[in-house]
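Have a look at the structure below before the remarks.
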Amino acid sequence: MLKHAQPITMSVNSPRPLVGSLGHFSIFLWALVMVLIPTYTKGIILALFTLGVLILLYPAAVKRLARPRWLVIFGVLFLVNLFFGVSDQAPDLTILGLSFSSLNILNSIQMTLRAAVILLAADGLSSSVNIVEVAGLLERSGLRGLGFSIGVATNLLPDLRQSGMNAWHSLRMRGGFRAQWWRGLQLLVVTVFSNALRHAEQIVLAAEVRAFRPELSRKSPLRIGTLDGWLAAGLTILAVVLTLG
Amino acid sequence: MKFTTRELVTMAVFGALWGLVEISLGAVFHAIDLPMTGMTLAIIGVMVACIGRLFVSKRGSTIFIGIIAMVLKLFSIGSAVIGPMVGILAEALIAELVLSAFMKPSLLVFIVASAGASLWTLVQPFVTGVLLFGRNLLMIWLDLLDTGTRLFGIPYQAAVWIVIVLVSVHILAGGIGGWLAWKLGQVLKTRLGGDVPHPVR
């Protein structure tokens, strides 16, 4: 149900990566800044540049976004901005007998590129960074214990789904949703929640038996890449220079 | 925010339940093109988070549950989930603010929290559409009117009525969700040997 990202465990055989968790997160934030701040012509140039960088970094994410569903969405976004843009400029271009405002054309290109960059950056981040690493990043920003909770939640997902399916099938096979469907639905929800909370009790016991204490636990590990620091600094400078310059 | 092991696990359970709703029910609802999918998912999610608040009566527990659900959604199969992620976080934040504003969880607080989160789904396109996808406000407004026309058969020109009906439906559905969450929470507390809700610490 959840995507497989890169493993975070490292051994002698798996050397330190070039780009780690912080590096990928910096790329994500940089991409957002590059497309959210500048406007019109400058915005298009920067969005194209960002898109190029992201395509080079995350080719797998490009394949996912090249599905017909997303291409249609991008097409609709472009056409809607082209024909119904809010620019006050009178149409100054005629293409195939249709009149357009050049400002609307620029705007629609920029909006489409912006959407593509944001989706690509988000997909690239989620496919390159492990779920525990995201928890580690959030934990370091003050949410203590989040790594542990996310680990528990991730491991619980398949069990919760299975338990829900079992309860659903049990009730359905006994006609639980026919005569008294509302009562049946209530029973289903109560069963799913009760099972989940009982399962939680077992996890708490297991954690306490191992002397786990959130305030003393080690933070979730992060993959530190050799270029992370340079990447974060370089991207920050690049974003400031290109967007504000 | 300092939580004990028990509280962290309990929040993980509720976060996983919210995440599961978003991942599995969300996919089904979108596949069958159910109207107001966002609102339905928001209400179910906030119901889960509100019930979680009954079990972990501490400030910050609802947003914590929301963050867990959001991270699970980020790593679910299927790309481009930035809209739902923003939605989950905003709904959790609204519920957290409402629940934290009152000392003790109650039926009224649950109703307000759930209705607030439900209303957010109406507002979200105006925020994410403009900020993330660069759509202009007019287009989002026209989309909203179109939704009202399609769902309730109100003429396009009666914009004020469309907005009133949409807001009312969101508040009503959210209120029902909050009421259900309260009732369900009480049943669970009784069944699992819990006691009455504690004041917020």
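The values are calculated or read from the model by the stated rules, or taken from the named source; none is laboratory data. Because the structure is predicted, anything quoted here is derived from the model rather than measured. Please note: Cβ atoms are built from the backbone with ideal geometry, for glycine as well, and neighbour counts cover all protein chains shown.
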Note down all Cβ pairs under 9 Å where the first residue falls in region A:210-235 and is more than 19 Å from A:P17 (Cβ to Cβ) and outside the structural domain of A:V129 (by TED's automatic domain parsing), the second is surrounded by fewer than 14 Cβ atoms within 10 Å (Cβ to Cβ) and of a type outside the set (K, R), and they're at least six residues apart or on different chains. A:F212/A:A206
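Residues checked against (1) within 14 Å of chain A (Cβ to nearest Cβ); (2) under 30 Å from A:A60 (Cα atoms); (3) not in a helix (DSSP H, G or I):
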{"position": "B:F29", "(1), (2), (3)": "no, yes, no"}
{"position": "B:A42", "(1), (2), (3)": "no, no, no"}
{"position": "B:F64", "(1), (2), (3)": "yes, no, no"}
{"position": "B:P84", "(1), (2), (3)": "yes, yes, no"}
{"position": "B:A92", "(1), (2), (3)": "yes, no, no"}
{"position": "B:V98", "(1), (2), (3)": "no, no, no"}
Among B:I23, B:I43, B:I67, B:I32, the single one that is hydrophobic (A, V, I, L, M, F, W, C) and free of Cβ contacts under 8 Å to residues at least 40 places away in the same chain is B:I32
What's the number of the condition B:L20 fails, among (1) within 22 Å of B:P105 (Cβ to Cβ); (2) surrounded by 24 or more Cβ atoms within 10 Å (Cβ to Cβ); (3) within 11 Å of chain A (Cβ to nearest Cβ)? (1)
Tally time: how many residues in region A:34-52 are under 18 Å from the mean Cα position of the chain (by Cα) and at pLDDT 85 or above? 3
Residue pairs qualifying under the 7 Å Cβ cut-off, at least six apart or on distinct chains, with the first in region A:98-123 being outside any helix (DSSP H, G or I) and the second being modelled with pLDDT of 85 or more, are none
Restricting region A:191-212 to residues that are more than 7 Å from chain B (Cβ to nearest Cβ) and assigned to a loop (DSSP other than H, G, I, E, B), the one nearest to A:L156 (Cα to Cα) turns out to be A:R210
Got a sec? Which of A:L171, A:L231, A:L242 is assigned to a helix (DSSP H, G or I), modelled with pLDDT under 85 and more than 10 Å from chain B (Cβ to nearest Cβ)? A:L242
Cβ-Cβ under 8 Å, sequence separation 6+ or interchain: first residue in region B:2-14 and facing another protein chain (nearest Cβ under 7 Å) and within 13 Å of B:R59 (Cβ to Cβ), partner in a helix (DSSP H, G or I) and among the hydroxyl-bearing types (S, T, Y). Which pairs? B:F3/B:S61; B:M11/A:S149; B:M11/B:S61
List every residue pair whose Cβ atoms lie under 8 Å apart, where the two residues are 6 or more positions apart in sequence or sit on different chains, the first residue falls within region B:122-138 and is within 10 Å of chain A (Cβ to nearest Cβ), and the second residue, located anywhere, is aromatic (F, W, Y) and surrounded by fewer than 19 Cβ atoms within 10 Å (Cβ to Cβ). B:N136/A:F84; B:L137/B:F126; B:L138/A:F84
